[in-house]
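**Q** Take a look at the following structure, please.
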Amino acid sequence: MEYIVGLLCRSGSANPLFSTEDAIEANRFMKGIEAVAGDSRGVIGMANFIAQQIEALGAEVCYHKFLPHSKNFHPLKFFTSMTNDIAVQPNGTATNFGINTIGIVRAPRGDGKEAIVLVTPYNSQRVQSNELLSLALGFSVFSLLSQAAWLSKDVVWLSADSQFGEYAAVSAWLNQYHNPVFLSHSVVLHTKMYGANHIYDGNSEKTEVTAFKRAGTMAAALIFKVGETRRYSDRDSVMIYAEASNGQMPNLDLLNVVHYLAVHRQGFRVNIAAFSSLLSSAWLRVIAEILHTLGSVLRKINPDWKLDIAVPDYVEGTANLANSMYNQALGVPTGSHGAFRDYQVDAVSLEFSPTFHVKNENAKSLFLLRGGRLIEGVSRSVNNLLEKFHQSFFLYFLTAPSKFISVGVYMIPFALLLAPLPIVAAALADGSRSMEKTVDKLIDNGKADDIADILQSKGGSWKWLRAAKVLLVIQLWAVLVSLLPYYITQIPDATPMQSALIWAVLSIVVLISLSVLFGSPYSAGVEWKLLKATMITSISIGLGLMSIINFATAQLGALIVIPMCLFSRPLKASGMNFLPRAVLLASNIAFAVLGFPPAALLIMKGVSKGSWSWTIDVGDFWVWMEFLWEWSSATYLYLFLVHLPCWLLCILVLLHPCRQSESKMKQE
Amino acid sequence: MAAHSRGHPAMRERGFSPAGTSPYWWIRPCAGSILFLSLLFLFLFTAAAASAAAPEEEKFTEELLLRPLPDRKALAYFHFRSSAPPAASVGRHHHLFPKAISQLVKKYHISELELSFTQGRWNYEQWGGFDPMSTNNAKPPGVELWGFKLNEGNLRYGALPREAVCTENLTPWLKLLPYRDKAGIASLLYRPSIYKGYYHSQKLKLRSSQSLGIILDQTLTVVLQPNTVSGEQLHSNHGQLQPNWSMRHLFNRKLSGKCLVSKSSRVFIEVDKGIVDNVNKSGSDLSWSNEFFVLSNSPDKLIKGQNHVEIQSSFLYVYDASNYTEEKPLDVGITWKLPLVWTCTPSPFHASRFLMGSGNERGSIALSFMSTNLHKQISGSPTDCSIKAVIFQVVPWYVKVYYHSLEIFIDGSRKTVSEVVDKIHVIPSEDKLLPGTLEMLLRFPCSMQSGTLTLDFDRGFLHIDEYPPDANQGFDIPSALVSFPEFSSARSYPEIDPVLGSPLLENFQEDSVVKSYTEVLLVPLTTPDFSMPYNVITFTCTVLALYFGSLLNALRRRIGEEERELKKTVVILKKWQLLASILYRKFVDELF
């Protein structure tokens, strides 16, 4: 990895070619597009202008028209729905559509097998000056690259019309790029709608402009936009977003290249998203102080131990790490780079936050110069790669733009959390058997009068089957609960609150009817130890599976679920001193509350927003779940197929009547 | 790949060796019966052979054609022909003809061979797709080889899409010329200039027969960007003058006379039909100095070219290099006076190919045809006509194409295969042995605006030995060749003097079908991290051993049994002890 990074950095650190002339070009473009944006022609006007400018560079240009697509929850297409829908076929009457404008520079001496994608999103409906600035930045880089003789990969510049959201625009384009639908008149329609008369005047040959154009396999993608001006900061900053769906990250080398060029070449301040509440939290600061003191003491003992992390670094790192883990665990992409990751393309989003006022021409030119050089450098680095990014990390948490925790490190706590589970399960099962042994002994001693009675209650060595049955019924319930939203969404005009309530009521109804159908878990006389053992077995399988799909979810989930499982003990169970029992009881109840997904959401919200306002809105939970399934996040599946049944089993264990053991004791 | 060593070593000796690329050679015979292309090529070559009279002695000619292109670039086409009379008349000795080539031809009984090294892509939209230049000299990136052996109807084809072409490939090519690049037109080949271009294709074309002897055509096609005065490269030509250029601009050299051994040495400047039409429209004549442009020297000759379908297609201004010397070098160039916008004639359909799908498991290859509406210009658009197209595609074995999954969409509606495909010939690939070959004769309706063919494929797994260097870049699928057999790119020059004897123009007159190559595709295959297996194996084995060892141990232990066993052993031990004590006592008793 070191080698590749070194190679990349060296290649990117060649003197940048992006000059003041390109910045002037960007300014010229900006003036032009400002004039067009002020015009009434709207969507088509801006797309036209961009296309004309691209044409003037001698690059190829095409349009991509798309419709917004409503994301529906469809349980049977959970993972596939993101890629295989959007057969955007406007039937001539649709008026509300977006137009992406795509410019392609063919590498002069390249073979056209690979392409670098640059994306600048802009909202064609509500144009803002910072979006125009990002378009201008994109254009100037594109214009520079169109003259570059050193290109070996084609460059695609996508100015994505983000009126329906950035992700929708980019993902629609990617879908058309990778999974085009030929069963339509799309091409013909395009030609008719934006043919020679509309976009180009004069040349009739230009009808073919509207045919969708492609470059080769995508090597990497860079999404950049200019965000709001921040006046309180001293330096222009760049925010990096990298999390894609289900916690997938781009190759770390891409981030490293961006970070290196931004910080060490162009002097940007590079940030990643952080939990703002943690940044200002007092207890974290206290922990940091303690660790710092400990570290400095240790350093006095051995100067080689560099454990004294500065307090602000520690706090910031923790806030970044928490955010990184949260975003990965949520499984929802943090930007349009997520659309690329769905096609195995490494992509990263950059959001520039300039510190100047948009009207300040000098500062703007300087910013364009530096931003352009950064993007040029990254493009150049990717261009110079002979192979794809590889032999590097794509499983990592970020603690700072340049620091990360690799999978090799964060796997260990998870493994340690998971490791005791089978042992505990075995111990519990064994424990319940040893209890039988006492019964056996009774039989052996010949004291029992009615042996048959006892044998019936014992149930032989296949007793765990009853516990397994309970588990299966609860899993079935969980599956039904996870499918319910599909039917609830069919109800027209339901507020989130109503939907959530219907969901809750239906879940309870289903649970009751299932227990009527298969018998109540307690009536069968299942021992709580066996129930707990089965629960622990199922949770270890569930977590193990989830760790493959989304490691961050599994890890965060394990932090809640594993203590909840391990501590669970019936409230009525006897045989302990008062103090341990009270502690156990308290922790049991605490975990049972924390483990309930809506309660967990509330806490999550409190942590992420920093405002500990405990106003309970049931509708929020529905909205949150909707958010998860809209993005096909596996976290939804985890919550309902692993977490929820485990929570219910815990509750069952907590409320276990413990009659059987008592009756046995009596018999004894 | 098995056939790879057959014709190859001799080429290696001549320095044509592509470095480290042997797994990519697919030279293979294709069955002859319905092989349209081989027939087509045979037809082509026999026609050419008939037109050329058998030479009496070894001959060498050199020619250069320069042409302005619509997108402000210039095309330079070097053409060198060496010919040797039939072997019987001269034996083994050669004056001009490269001995290596004649040895090659004799040893491997080559009747026809075409080898091209190309860098960059031919821009069919801007630089034309209907003229002899694009048909014969637009080649796919990398290396391509076509060949026929004598007494064998089979076509042999090989492609190396990833070969990087450089001066090291030019040097052996130049060695075949009598004076290398020391004299004549070849002296213009200043390396920094010709490798700075947008397209660079060097080609070697060989024909031999008993009656004809051996004819070797060496061509170099380059597309260059003339340096404009301001240094700024403008690409659009709306209202802008085309850049002026001359030989010195393009090559940094001037032509100082001909090569002494060459029979003829000419420089042509060709102006396209587009320019000719424009000039004609304005009412002026096409002299070397007209109201649109001026050539820097007055030509020795002016030739009108004709297309098969049009009355007049292009103009050629001919300069004889033998009229120029070291003191008075030729530096012919073009100076534009008025802005001019024109387009080159495209092929009937613009063919492009792309990959569909994502992931490492499967995908599809799509071949799309976009109409250029050429037939309307040519035949005035009868609606019920059809256009034939032939597709020839070789796919390496690790891309497992399901040929039955062929789907055809024309203007947005699905067509059955029988509606569109007239003939199809498939040789399926064999794992690790043979690439798959697909040939299809299609018939598209003239009114078709866009048509697409898709083929599904599975991505294969390779054995660890089969990964080439830089495997992580992906694997290449060589270009497909699309030809339109009903369209011929041949030019005719009615005013031409047969005595002129220009091999370059002879080639242009040859009846060759319009064809174009598609893009090379890059298929990412699952590539292992080659250092990873060691880590993974050691790591997982350790974990599994620990886990299963202890788990099995815990599972198969029966504590009750063990206790009983323990008791038993205690009993046995006691018995033994008893026995031992008895024996001991006895022994002691015996002793004492």
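**Q** In the P(r) worked out for the stretch B:57-173, what percent of Cα pairs fall beyond 19 Å?
**A** Working: 4150 of 6786 pairs.
Here the long-distance tail beyond 19 Å is 61 percent of all Cα pairs in the stretch B:57-173.
**Q** Something else about it: How crowded by other chains is A:172-178, given as the mean number of beta carbons from other chains within 10 Å of each beta carbon?
**A** Mean partner-chain Cβ count within 10 Å for A:172-178: 2.
**Q** Give the distance, in whole Å, between the Cα centre of the stretch B:415-475 and the Cα centre of the stretch A:118-140.
**A** 40 Å
**Q** Give me the mean projected area, in nm² to one decimal, of the convex hull enclosing the Cα positions of the stretch B:118-199.
**A** Values: hull surface 29.7 nm².
For the Cα atoms of the stretch B:118-199, the hull's average projected area reads 7.4 nm².
**Q** What does the charge count around residue A:135 come to, taking other residues whose C-beta lies under 15 Å from its C-beta (Lys +1, Arg +1, Asp -1, Glu -1)?
**A** -2
**Q** Here's something else I'd like to know. Roughly what percent of Cα-Cα pairs across the stretch A:210-272 reach past 19 Å?
**A** Taking all Cα-Cα pairs of the stretch A:210-272, the fraction more than 19 Å apart is 47 percent.
**Q** Give the value in nm², to one decimal: projected area of the alpha carbon convex hull of the stretch A:509-596, averaged over all directions. The partial results should precede the final answer.
**A** Details: hull surface 28.7 nm².
Here the figure is 7.2 nm², rounded to one decimal.
**Q** Express in whole angstrom the spacing between the alpha-carbon centres of the stretch B:158-188 and the stretch B:339-358.
**A** After rounding, the separation between the Cα centres reads 29 Å.
**Q** Within 10 Å of each Cβ in peptide A:111-117, how many partner chain Cβ atoms are there on average? Round it to a whole number, please.
**A** That average works out to 6.
**Q** Any idea how far apart residue B:581 and residue A:285 come out in nm if each label point goes 7 Å out from Cα toward Cβ?
**A** If labels sit at residue B:581 and residue A:285, their model points lie 8.0 nm apart.
**Q** Sticking with this one: Mind ordering A:497-504, A:268-275 by average Cβ neighbours within 10 Å, highest first?
**A** Ranking, from highest mean packing down: A:268-275, A:497-504.
**Q** Let me ask something else about it. What is the extension gain from residue A:586 to residue A:506, computed as 0.36 nm multiplied by their sequence separation minus the C-alpha to C-alpha distance, in nm to one decimal?
**A** Roughly 25.8 nm would be gained on extension.
**Q** Please list the radius of gyration and Dmax for the stretch B:486-592, considering alpha-carbon atoms only, with Å as the unit.
**A** In order Rg, Dmax, the Cα atoms of the stretch B:486-592 give 47.2, 142 Å.
**Q** Turning to a different aspect of this structure: Sort A:328-337, A:621-630, B:291-300 for me by packing, meaning the mean count of neighbouring Cβ atoms within 10 Å per residue, highest on top. Intermediate results must be reported in sequence, preceding the final value.
**A** Details: A:328-337: 25.1, A:621-630: 19.6, B:291-300: 16.7.
So the order, starting with the most tightly packed, is A:328-337, A:621-630, B:291-300.
**Q** Enumerate the lysines that residue B:281 could reach by cross-link, defined here as Cα to Cα under 18 Å, with residues fewer than 8 away along the same chain left out.
**A** Within the straight-line cut-off, residue B:281 pairs with B:273, B:304, B:337.
**Q** Put a dot 7 Å past each Cα toward the Cβ at residue A:559 and residue A:479; how far apart are the dots in nm?
**A** 3.2 nm
**Q** How much FRET efficiency would the formula 1/(1 + (r/R0)^6) give for residue A:297 and residue A:630, where r is the Cβ-Cβ distance and R0 is 60 Å, rounded to 0.05?
**A** 0.75
**Q** Same structure again: Determine the shielding of peptide A:266-277 by partner chains: average, over its residues, the number of Cβ atoms on other chains within 10 angstrom of each Cβ.
**A** Working: counts 0, 0, 0, 0, 0, 0, 0, 0, 0, 0, 0, 0.
Taking all residues of A:266-277 together, the mean is 0.
**Q** Which loop-located trypsin sites (Lys or Arg not before Pro) does the stretch B:392-439 contain, where loop means any DSSP state but H, G, I, E or B and the Cβ has at most 16 other Cβ atoms within 10 Å?
**A** The qualifying sites are B:432.
**Q** In nm, to one decimal, how far is the modelled label at residue B:548 from the one at residue B:92, with both set 7 Å along Cα→Cβ?
**A** Calculated label separation equals 6.8 nm.
**Q** Could I ask something else about it? Want the number for residue B:432 to residue B:168: 0.36 nm per residue separation, take away the alpha-carbon distance, what's left?
**A** Net length gain for the segment: 92.0 nm.
**Q** As a quick test, which of the pairs B:59/B:182; A:31/A:153; B:175/B:328 have an alpha carbon distance above 20 angstrom in this structure? Could you put the intermediate results ahead of the total?
**A** On the way: B:59/B:182 18 Å; A:31/A:153 30 Å; B:175/B:328 28 Å.
With Cα atoms farther than 20 Å apart: A:31/A:153; B:175/B:328.
Throughout, read-outs are computed from the coordinates displayed, never taken from laboratory work. Small disclaimer: the values here were computed from a predicted structure and weren't measured. Counting neighbours? That spans all protein chains shown, and the Cβs are built from the backbone with ideal geometry, glycine included.
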